[in-house]
Amino acid sequence: SFSSDDINPTDASLYNRVTDQSKRTSSAFISVSQVINQNSLFQSSVNITHHKGFLTDPYKLGDSRPESRTQVAWSNAYRRFISDLDGALHVDLRLYDDDFGINSLTFDFSWYQNVGNTFQVIPRLRYYSQSAADFFTPENDFSGVTSFNSSDYRLSAYGALSGALQVQASINDMTISFVLERYLSDDSYSFYDGGKSPAIVDFTRVSLGLGYSF
């Protein structure tokens, strides 16, 4: 895949932001799926993405990032249906690395439980951990001493735990889905030290979805 973006901040004149910049993104993805038996499946994939151009966040004062970034992600998924329980186990593991200095680990565990022919109940647990970018600073640095710096909490070292419960009903061609999720994040949850941010968030999410197949 390839994308080309033009960046024109709407309030550039008020805050002395850039007025016209661009960036280009190219990405390659390869995946292999192996059927183990009638109830089990394993999939492994690699995704490589390269960004070049203006990668700084124009809406964050004091933000300055390198003009290129290469990201590599290795994802693995295991699926197993247990006929005696009429349910399926989903296990996902993702490893990530980029040349900003960020490494991360994501572990996702889900159970898909069928209830009759209409309902499906899906509890889910997820753990995430990442290191900080090489140029992350907890506070904005306007000194100009360093070439790059950013206080964006998404570039800090932190970990996150989340749990969710999804209930899904399939009625003829309609699918109704309800999800309740609790997300907790903290630098102490991470495997990595350094680069802590005071801005990481916790939240509770509730969503209702409606799907139609034809």
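The values are calculated or read from the model by the stated rules, or taken from the named source; none is laboratory data. The structure displayed is predicted, hence computed values, not measured ones. Because the Cβ atoms are built from the backbone with ideal geometry, glycine has one as well, and the counts that use them run over all protein chains shown. Please note that ligands, DNA and RNA were not included when accessible areas were found on the heavy atoms of the full protein model with its side chains. Shrake-Rupley method; radii C 1.70, N 1.55, O 1.52, S 1.80 Å.
When Asp187 is tested against the conditions (1) of a type in the set (D, E, K, R); (2) modelled with pLDDT of 85 or more; (3) closer than 19 Å to Ser64 by Cα; (4) open to solvent by 40 Å² or more (accessible area, probe 1.4 Å), the lone failure is (3). Does Lys52 count as outside any strand (DSSP E or B), open to solvent by 60 Å² or more (accessible area, probe 1.4 Å) and either among the acidic types (Asp, Glu) or touching a residue at least 24 places away in the same chain (Cβ under 8 Å) (or both)? For Lys52, the condition - outside any strand (DSSP E or B), open to solvent by 60 Å² or more (accessible area, probe 1.4 Å) and either among the acidic types (Asp, Glu) or touching a residue at least 24 places away in the same chain (Cβ under 8 Å) (or both) - is not met. Return the pairs, sorted by first residue and then second, in which the second residue is in a loop (DSSP other than H, G, I, E, B) and of a type in the set (Phe, Trp, Tyr), the first residue lies in region 169-180 and is more than 23 Å from Arg124 (Cα to Cα), the beta carbons are less than 7 Å apart, and the residues are 6+ apart or on different chains. Matching pairs, first to second residue: Asp173/Phe214. Contact map, region 190-211: residues that are more than 18 Å from Ser162 (Cα to Cα) and part of a loop (DSSP other than H, G, I, E, B) paired with residues that are of a type in the set (A, V, I, L, M) and open to solvent by 100 Å² or more (accessible area, probe 1.4 Å), Cβ distance under 6 Å, separation 6+ or inter-chain. No pairs are found. Of the residues making up region 29-49, those that are open to solvent by 60 Å² or more (accessible area, probe 1.4 Å) and assigned to a strand (DSSP E or B) are Phe29, Ile30, Val32, Ser33, Gln34, Val35, Ile36, Asn37, Leu41, Phe42, Gln43, Ile48.
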